[in-house]
Amino acid sequence: MTQLYSELFRTRVAQRVMGLFLLCALVPIIILGVTAFVHVSGQLEDQTRQRLQSASTDAALALKERLRFVTLELDRVAVRLRDVPTGSERVALRAVVPPTGLASVVVERGEWAHQEPLLGAAIQTVDLTEAQRAHLTGGSALLTLRGAPYPDLLLATAVDPGMLDKGIVWASVDQAYLWEEGAHRRLPEGTEMCVYAGEGTVLSCPRLTKTFTSDASPDPRMAGMWGWEVGGEDYLAATGSVQLAHEYGTPSWTVVLAEPRSLAMAPLAEFRRSFPLVLLLAVMAVLGITHFQVRRSMEPLRALADATSRIARHEFDAEVTVASGDEFEELASSFNAMARRLGRQFKTLTAMSDIDRAALSHSNQQDVIRTILERTQEALGGSGVAVLMRDNPDPGSSWSLVAIRQDGHDQVPVEITPGELDELSAGQDVFRYPEGQSRRYLEAWSRADAYHLVLPLVRAGTLFGALAVEYQPGPGVTEAEERSARQLADQISIALANAALLQDLDALSTGALTALARTIDANSPWTAGHSERVTDVAMAIGRTLGLPAGELDTLYRGGLLHDIGKIAIPAAILNKPGKLTEDEYAIIKQHPATGARILSPIRAYRDTIPIVLSHHERIDGSGYPGGLRGEDIPFLARIMAAADVYDALSSPRPYRPGWTINRVVDHLHEGAGSHFDRDIVAALVESVRSGALPNETAGAVPTVDPVLPALGPLLPVASETPA
């Protein structure tokens, strides 16, 4: 996997896509995450403060409700005592359910100025001011404090609001009931409550020792909120006001709720701990999705890039397989179609090139047709390919069909009807024959259920053949395949025309050389056919030595032309029956150089000039015209020297009869190593023994030089002597 990612992201496209994806995904996520973190953090802190503020207000309301309940209890006692005679209060109070929230209750009769305890211990009351007495007269309860720093709460109400002389009922409020069972019970866990009367009087602050003063620094974001530090711990505090002036004739109380900052901000702290993890998971998810998407996009791209490289290496068969379900899959499908078309076109071009080379390098038409069949089969596919050809150029000649199948080649004569000939000659480029619609000339080769394409081969407006391609039964061929077949058919027409032209040129060249050789030999009746016979002997020696085709061709042309210089020798010298004079022999020795000069302007015959010039040179240097020795004599000239002497001695001359083959072979043996090349003499003798050269007598082979290869029985020793 690591190697795959390394290969994927090594490309610039993958890096660019990855960078853009991360830029478009991670940057907004990070910005959004940081913004959300700041915003949510602020919201959580505000909500925490609002909650604490709301709790302090609720605690103040709850405290006031408790106070009202206690006041109602005291009013119930006062109502019970309104019509009770003095001295019977205690008795009257026993008939009443004990009041809740009152620790002690006393009644104070104004006219006797004494206090009658009704419940609990006696209460030390306070002197009332005129304002307080007026408040009681108005029918409201009076709340006052006594003592410090945790004063008693005294609650007073008139027995008869209109007549204070009938008495005032005083009660000491049960603070445990008021604080603990009231407001504290409703507080969130961990929250502390302090109640202050004014700025310095602490009514209740059980666990915190803190004085409430008005100069506490409030939180700037919310009124009534500030921070407290108690005992080294940081608290967040909020206040709620208990309005008592109207109902109880006393200044308002302040309820302070304090909560440890760590507890108050616990949700925010939890959010701050979890948010980086959530952000990290989001980033990892984005990276994972990015990797998946980039890989999903880069794998098809890499496959397409690899396929493009393969096409550059002319590998058209490997298709790209992409199953992404998007444009990449469509691109891969189009790419595969393009690769198939390129492959088919490349095969067609290769086939055309091979066919051209075959036409230009083979003189045998059958070799050219075999190349045509094989390359067409490779280029066009199908189950078989055939070429329909006339057996000879005569318009009335028969036809043959040369075919290739997977099991090999086949050539069969076929009959073609005049109607089929007219159809092929009508000028149509291609004929399609679906299953069951084949033609008679295809029946000997193809299957009846096959699909066929037949493409006429035309040269100079005349039908001279046809190319037939067989396909398995099915939908047939595409338009592109049909075009490729037509291209090949046109090239085949050109190739076969070139092959025929080359054959004609070869025949013309061979005929011209033969005619020239006969013209040379016709200068003397004694040398008629000499050049052709020498050529046959030289070719036999060359084949025995295993010379390649190019050297054999040069040897063939050199044999026909080796005596072309004799054109310049007078017939009287060539036909002289007696021994030549020195001057006459000197003229004879000029014919190799004369022949070389005659051939030098002809570029095509330059490779034969060494044969013409040196075929009378000898191994020991005694030859002419250059006196060359040994290996300095061109090898083909050495072959021609042996072949020339072989025919000259075995042919009659005006001054002697022709020698027997045995005597000629003896003479060649005697000159091996001095006049002739030993290996060439051995090859000539082997050609005679194998039948490649004529053998007119029978007998034993003469003793030969031990350097020559052992020949075995061949010919009898000659008994004649030359004339």
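The values are calculated or read from the model by the stated rules, or taken from the named source; none is laboratory data. Small disclaimer: the values here were computed from a predicted structure and weren't measured. Note that each Cβ is placed from the backbone with ideal geometry, even for glycine, and that neighbours are counted across all protein chains shown. All accessible areas refer to the heavy atoms of the entire protein, side chains included, with ligands and DNA or RNA removed. Shrake-Rupley method; radii C 1.70, N 1.55, O 1.52, S 1.80 Å.
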Restricting to the range 247-294, name every residue that is free of Cβ contacts under 8 Å to residues at least 40 places away in the same chain and within 30 Å of Leu143 (Cα to Cα). Ser252
For the range 395-417, how many residues meet the condition of being farther than 24 Å from Arg375 by Cα and either modelled with pLDDT of 70 or more or assigned to a strand (DSSP E or B) (or both)? 5
Could you please find all residues in the range 158-171 being surrounded by 15 or more Cβ atoms within 10 Å (Cβ to Cβ) and of a type in the set (Gly, Ala, Ser)? Ala158, Gly167, Ala171
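Collect the residues in the range 430-470 that are of a type in the set (Ser, Thr, Tyr) and surrounded by fewer than 21 Cβ atoms within 10 Å (Cβ to Cβ), keeping them in residue-number order.
Those that are of a type in the set (Ser, Thr, Tyr) and surrounded by fewer than 21 Cβ atoms within 10 Å (Cβ to Cβ): Tyr433, Thr462.
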Going by the conditions given, is Arg313 open to solvent by 80 Å² or more (accessible area, probe 1.4 Å) and of a type outside the set (S, T, N, Q)? yes
If you go through the range 115-139 one residue at a time, how many are acidic (Asp, Glu) and open to solvent by less than 60 Å² (accessible area, probe 1.4 Å)? 1
Does the range 204-225 contain any residue that is part of a strand (DSSP E or B), over 28 Å from Leu119 (Cβ atoms) and either modelled with pLDDT under 85 or among the charged types (D, E, K, R) (or both)? yes
Determine which single condition Ala700 fails, assuming it passes every other condition in (1) part of a loop (DSSP other than H, G, I, E, B); (2) modelled with pLDDT of 85 or more. (2)
Where in the range 450-561 are there helices (runs of 4 or more DSSP H), lying fully within it, with 2 or more residues that are at pLDDT below 75 and within 24 Å of Val402 (Cα to Cα)? 479-521
Take the range 290-306 and flag every residue that is open to solvent by less than 50 Å² (accessible area, probe 1.4 Å) and touching an Asp or Glu at 6+ places or on another chain (Cβ under 8 Å). Pro300
Does the range 651-660 contain at least one residue that is part of a helix (DSSP H, G or I) and open to solvent by 10 Å² or more (accessible area, probe 1.4 Å)? no
Tell me which residues, restricted to the range 243-263, are part of a strand (DSSP E or B), touching a helix residue (DSSP H, G or I) at 6+ places or on another chain (Cβ under 6 Å) and surrounded by fewer than 23 Cβ atoms within 10 Å (Cβ to Cβ). none
Might you check whether a residue that is at negative phi, modelled with pLDDT of 80 or more and open to solvent by 50 Å² or more (accessible area, probe 1.4 Å) occurs anywhere in the range 172-190? yes
Check whether at least one residue in the range 623-631 is surrounded by fewer than 17 Cβ atoms within 10 Å (Cβ to Cβ), among the acidic types (Asp, Glu) and assigned to a loop (DSSP other than H, G, I, E, B), and report yes or no. no
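Within the range 42-56, can you find the residues that are of a type in the set (S, T, N, Q) and buried (at least 17 other Cβ atoms within 10 Å of the Cβ)?
Thr48, Gln53, Ser56
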Just one of (1) surrounded by fewer than 20 Cβ atoms within 10 Å (Cβ to Cβ); (2) in contact with a Gly (Cβ under 8 Å, 6 or more places away or on another chain); (3) within 27 Å of Val685 (Cβ to Cβ); (4) of a type in the set (A, V, I, L, M, F, W, C) trips up Ile611, so point out which. (1)
